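Only the coordinates and a few stated rules stand behind these numbers; no lab work does. A quick note: this is a predicted structure, and the numbers were derived from the prediction, not measured. Reconstructed Cβ throughout: ideal geometry from the backbone, glycine too, with neighbour counts over all protein chains shown.
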């Protein structure tokens, strides 16, 4: 094998390894940057008057809370990012 070809292959492989390490470093940086931006604030939710807490469910971006009274069931949907009410659904009995 020609020595110049062997040197070229070794230099090319070294450059590919360095390029791969740089790409891997950028990917780790991007991943950890997204983890540190999580919103850890507390959300305070009050139970509506004359209603009892029934159930809740947490999804990726929302929390669903249901309440019941003697004549209706109320489902409230809150955003976990902002803490604001997205929608209220009343189900009459």
Exercise. If you average the sequence gap of Cα pairs under 8 Å that are 6 or more apart and divide by the length of the chain, what percent do you get for the contact order?
Worked result: 15 percent
Seminar exercise, completed: Mean shadow area (nm²) of the C-alpha convex hull around the chain is 10.0 nm²
For this session: Enter the angle in degrees (range 0 to 90, nearest 10) between the Cα long axis of helix 3-36 and the first principal axis of the Cα atoms of the chain, meaning the one along which they spread out most.
Result: 20 degrees
Seminar exercise, completed: Most packed first (mean Cβ within 10 Å per residue), the peptides 70-79, 17-26, 56-65 order as 70-79, 56-65, 17-26
